[in-house]
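Step one of this worksheet: look at the structure below.
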Amino acid sequence: MYEEIKEFVEVAAVFVGGKAVPKAFFWRGRKYIVEKINLEHQERQGSDPLFYFSVTAAGNSYELSFDSHNLVWKLERIWTK
Amino acid sequence: MDEVVMHIDMNSYFASVEQQANPHLAGKPIAVSGRPYIHSVVAAASIEAKKFGVRSGMSTWEAKKLCPGLIFVPGNPAKYIDLSGRLIKIFRDFSPTVEIFSIDEAFLDITSLDGCTLSDRVQPFRIAGEIKQRIKDELGEKITCSIGIAKNKLLAKLASEKKKPDGLTIINENNLDAMLLSSKLDDFCGIGRQTLAHLQAMGIYTVAQLRQVPLECLTAAFGRHGRDIFNMAFGIDNAPVVASDTGPEAKSFSHTLTLERETSDRKQVEAVLLYLAEKAARRMRQEGFCGRTIHTLTAQRSLPQATSNGLEIYKVGRQLMNFDLPVRVVGIGVSNLVKKDRTSGSWLPEVQKEEKIITSLDFVNDRFGENAVFRAATLPVFSRDRRVAGIRTKMRFN
Ligand SMILES: [Mg+2]
């Protein structure tokens, strides 16, 4: 099951060729290394695009979003078995 | 020389996207559904779930009974639409003529591509292989498609149905009859449940039997559609691949509206859709246009005749909408535009009456401002306007 989190998180990312690539995120005092980006997609929030990343970290699945207008990252949801 | 038409059908599209996003779902029976899972329907089943008999459109409890280990995943239409857009971009790198058939299906006319013939399958197979590879590289390896290649859309679609997942099938003169005769009647695009039942009631159960039926019998039973059914048995389809214009340069009248939150309230969504259809239609009439192609966010359909009638646009839009998933964004548009010729008004009395009403509605709206008059069915939009973002109205309803 997915658990909706929707909390702002700190993210270490690199920017390659006009694209954001999350490498690690910090959530509730823990650091999660992004092992793999499984899927990327975009959604719109008003006129601004939101970039979504479905990632694997510490053996579990997480969905992060990046708001390129406000330069903030959110942990959208996590997979709980 | 024959045309070369390719049909690309994404395999268990929504479910594959979810399996791609989350490796914990890969290889497992999953069902993409609305929220909450109970009292919802299956919008898409994974390949693994289909083996248990789980099908889209089934209620979630029915699906769970067939497959107790079934994992339900809430669907996200915005995600599927975005990824479809990326798929279409890939397809357009291979052919300028891409007809978007649904959110997960498209036709490509590849006739003009170098060395592309049906008799020598090397080149079409190479193109299909490249498309498959690019989808894997750019979207993800779990997102697969079945590709059918043939001389027309009917046969290309039939071919793509032959092997799932990750299929690649060609129908050419060598195997045409074998392919047709081994197909079930409802394998053909255009023979739905109703038509199938009708054919069976006439004692027609196989393609071989259908070939024996005189055209007159079929037109008597099915009207205009009778000729299509007659042609199907022989693999004939004269409809060309028509490039869908979805680029920003394509002129269309369209409106979208983002709801404040997702809803599964069909009545509410239909009301918004009607409101948007009326809005688009009114702009078309102001600028003197009619349009033949109606599109929603995920699908489109072309009408035999151009229209600028909001109700007619809405009715097509409603058929195109997928109500199995909760809706956040509602959109409708009309493209394939023609300048309306004032002299060639319709002679059909009903149509004339409808046009008269529309003209008078426009008149009132011109006089008293937008939304002074609108169809009663759009009322819920306004009576619940706090639930709908982006609509402002000066009118008050109690
Ligand atoms: Mg499909």
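The values are calculated or read from the model by the stated rules, or taken from the named source; none is laboratory data. All values derive from a computational prediction rather than experimental measurement. Cβ sites come from the backbone with ideal geometry, for glycine too, and all protein chains shown count toward neighbours.
Tabulated values for the structure
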read-out	value
Scope the range B:92-110; condition surrounded by fewer than 20 Cβ atoms within 10 Å (Cβ to Cβ) and in contact with a Leu (Cβ under 8 Å, 6 or more places away or on another chain); matching residues	B:Phe94, B:Thr97
B:Lys89 crowded, with 18+ Cβ neighbours inside 10 Å, closer than 26 Å to B:Arg301 by Cα and within 14 Å of chain A (Cβ to nearest Cβ)	no
B:Leu303 being under 28 Å from B:Phe107 (Cβ atoms) and in contact with a His (Cβ under 7 Å, 6 or more places away or on another chain)	no
Single condition B:Asn231 does not satisfy, out of (1) in a helix (DSSP H, G or I); (2) surrounded by fewer than 14 Cβ atoms within 10 Å (Cβ to Cβ)	(2)
Selection within the range B:81-133 - β-branched (Val, Ile, Thr) and in contact (Cβ under 8 Å) with a residue 60 or more places away in the chain	B:Ile81, B:Ile88, B:Thr97, B:Val98, B:Ile100, B:Ile103, B:Ile110, B:Thr111, B:Thr117, B:Ile127, B:Ile131
Some residue of the range B:84-91 being under 28 Å from A:Glu43 (Cβ atoms), of a type in the set (Gly, Ala, Ser) and either away from the ligand (no atom under 16 Å from the Cβ) or in contact with a Lys or Arg (Cβ under 8 Å, 6 or more places away or on another chain) (or both)	yes
Flag for A:Lys74 being in a strand (DSSP E or B), charged (D, E, K, R) and away from every other protein chain (no Cβ under 14 Å)	yes
Tally, over the range B:129-153, of residues that are more than 19 Å from B:Thr169 (Cα to Cα) and in contact with a helix residue (DSSP H, G or I) (Cβ under 9 Å, 6 or more places away or on another chain)	5
Test set (1) at pLDDT 95 or above; (2) within 14 Å of chain B (Cβ to nearest Cβ); (3) under 19 Å from B:Leu25 (Cβ atoms) - A:Lys6 fails condition number	(3)
Any chance B:Lys79 is under 26 Å from A:Tyr52 (Cα atoms), assigned to a helix (DSSP H, G or I) and within 14 Å of chain A (Cβ to nearest Cβ)	yes
Candidate set from the range B:92-112 (those that are within 14 Å of B:Pro240 (Cα to Cα) and among the acidic types (Asp, Glu)); member that is farthest from the ligand (Cβ to nearest atom)	B:Asp109
The range B:145-180 - residue that is in a strand (DSSP E or B) and within 16 Å of the ligand (Cβ to nearest atom) and, of those, nearest to the other protein chains (Cβ to nearest Cβ)	B:Cys145
Those strands (runs of 3 or more DSSP E) lying entirely in the range A:1-61 with at least 2 residues acidic (Asp, Glu)	A:2-16, A:30-45
Single residue of the range B:308-336 satisfying the filter (among the hydroxyl-bearing types (Ser, Thr, Tyr) and surrounded by 21 or more Cβ atoms within 10 Å (Cβ to Cβ)) that is modelled with the lowest pLDDT	B:Ser308
Qualifying residue in the range B:274-292 (condition: in contact with a helix residue (DSSP H, G or I) (Cβ under 8 Å, 6 or more places away or on another chain), closer than 26 Å to B:Met58 by Cα and assigned to a strand (DSSP E or B))	no
Of all residues in the range B:106-140 being within 14 Å of chain A (Cβ to nearest Cβ) and in a loop (DSSP other than H, G, I, E, B), the one that is nearest to the chain's Cα centre (by Cα)	B:Leu139
Qualifying residue in the range A:70-79 (condition: surrounded by 13 or more Cβ atoms within 10 Å (Cβ to Cβ), of a type in the set (A, V, I, L, M, F, W, C) and in contact with a helix residue (DSSP H, G or I) (Cβ under 8 Å, 6 or more places away or on another chain))	yes
Pairs, first more than 14 Å from every other protein chain (Cβ to nearest Cβ) and closer than 13 Å to A:Ile5 by Cβ in the range A:26-40, second aliphatic (A, V, I, L, M) and assigned to a strand (DSSP E or B), C-beta under 6 Å, six or more apart	A:Trp27/A:Val9; A:Trp27/A:Leu75; A:Tyr32/A:Ala57
Qualifying residue in the range A:54-66 (condition: surrounded by 12 or more Cβ atoms within 10 Å (Cβ to Cβ), in contact (Cβ under 8 Å) with a residue 40 or more places away in the chain, more than 13 Å from chain B (Cβ to nearest Cβ) and in contact with a Pro (Cβ under 6 Å, 6 or more places away or on another chain))	no
